[in-house]
Amino acid sequence: MSSNLPRENPILPDEINNSYEHPLKDFLILAGSLCALLIATIYLIAWTAFWLAPRIPFEWEPSIAGIAAPKLNEQQKQQQQAYLQDLANQLSASQPHPLPVTVHWLPDEDTPNAFAMVAGQLYVTGGLVKTISSENALAMVIAHEYAHVEKRHPMILFLEQVSTGLLMSAVGIHDQISPLSQSAGLLTLMSFSRDMERAADNQAIELVRAYYGHTAGADEFFAKMQSKEDMPLWASALQTHPATSERLKRLQAEDDTEGKLTPLPSWMKRGADSLETED
């Protein structure tokens, strides 16, 4: 009985199950696609945070961020604390719907600084008060931090960081960090973007003008900070804040920089100097 079956195994063409492309190419395509997806997701998170934050009722911020708006203790109920709180209230009173803020006085902190956190928490250091001589300069700084709160910048950063942290943890990056377990304050102490800082500066100028009738003295703090800066050009380019020189130029360009300055109360300066007198 004859058979039509071949007597030998057929010879397969060389191209079958073989690729002329290097396997590294497939890996790079896959890795690039994953990176692109990750970057797109991070941008989507940032956009969502900018869209969502202004729509969250301000009263919800303490519970969302996991913090309670602190109550003033006896030490904070001092003359300096009340003065700072009243100044913030007066500056924000010109707004159609001012947000409630709580100003915290840090007399023992020697670094000249002020910053805003979620839930309308503002902090002013003794070092800042020791740096300036007029209430107008202090008002500009407080108005700037209030503007961050009104524009919901701390909440935007909080949402961005929590969402990004969860995403990173999901893909196995720095999975030792649980963003929800971190203090909301630490989350929002990161630098605001340059656009946020410029927007806060612009609104602060309007708040100061509405309160005093001019912007004289608003540039004092920035002028003194610029005199202390010694930063190479490359480092300045990496800053998240606009350069001090840029902010100073913006303030000095206003057409109402002449006016009567309100001096800081002597007891305010003494409160800022308390740490030095105790040493």
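Considering the range 140-170 alone, what residues qualify as being touching a Gly at 6+ places or on another chain (Cβ under 8 Å) and within 19 Å of L264 (Cβ to Cβ)?
Passing the criteria: only M140.
Report yes if some residue within the range 178-197 is at pLDDT below 90, in a loop (DSSP other than H, G, I, E, B), touching a His at 6+ places or on another chain (Cβ under 6 Å) and closer than 27 Å to A53 by Cα; otherwise report no.
yes
If you check L91 against the conditions, is it in contact with an Asp or Glu (Cβ under 8 Å, 6 or more places away or on another chain), at pLDDT 70 or above and surrounded by 14 or more Cβ atoms within 10 Å (Cβ to Cβ)?
So L91 does not fit the description; no.
Would you be able to tell me the number of residues in the range 256-279 that are within 16 Å of G217 (Cβ to Cβ) and modelled with pLDDT under 80?
1
Quick one: which strands (runs of 3 or more DSSP E) sit completely within the range 70-162 and have at least 2 residues that are not aliphatic (A, V, I, L, M)?
Hits in the range 70-162: 102-106, 121-125.
Counting just the residues of the range 77-88 that are touching a strand residue (DSSP E or B) at 6+ places or on another chain (Cβ under 6 Å) and more than 12 Å from I142 (Cα to Cα), which one comes out surrounded by the most Cβ atoms within 10 Å (Cβ to Cβ)?
Q80
Can you tell me which residue in the range 103-117 is nearest to P54 (Cα to Cα), limited to those that are in contact (Cβ under 8 Å) with a residue 24 or more places away in the chain and either of a type in the set (S, T, Y) or touching a Gly at 6+ places or on another chain (Cβ under 8 Å) (or both)?
Among them, the one singled out is M117.
In the range 200-247, what residues are among the hydrophobic types (A, V, I, L, M, F, W, C), modelled with pLDDT under 85 and part of a helix (DSSP H, G or I)?
Answer for the range 200-247, where residues must be among the hydrophobic types (A, V, I, L, M, F, W, C), modelled with pLDDT under 85 and part of a helix (DSSP H, G or I): M225, L233, W234, A235, A237, L238.
Tally up the residues in the range 249-268 that are part of a helix (DSSP H, G or I) and closer than 16 Å to L138 by Cβ, please.
4
Touching a residue at least 60 places away in the same chain (Cβ under 8 Å) and within 18 Å of the chain's Cα centre (by Cα): does that describe H144?
Yes.
Within the group H144, H174, which residue is modelled with pLDDT of 95 or more and either in contact with a helix residue (DSSP H, G or I) (Cβ under 7 Å, 6 or more places away or on another chain) or among the acidic types (D, E) (or both)?
H144
Taking the options T125, T131, name whichever one is among the hydroxyl-bearing types (S, T, Y), within 25 Å of K224 (Cβ to Cβ) and out of contact with any strand residue (DSSP E or B) (no Cβ under 9 Å at 6 or more places or on another chain).
T131
The values are calculated or read from the model by the stated rules, or taken from the named source; none is laboratory data. Predicted model only: the values in this text are computed from it and were never measured. Cβ coordinates were reconstructed from backbone atoms using ideal geometry, including for glycine residues, and neighbour counts include every protein chain displayed.
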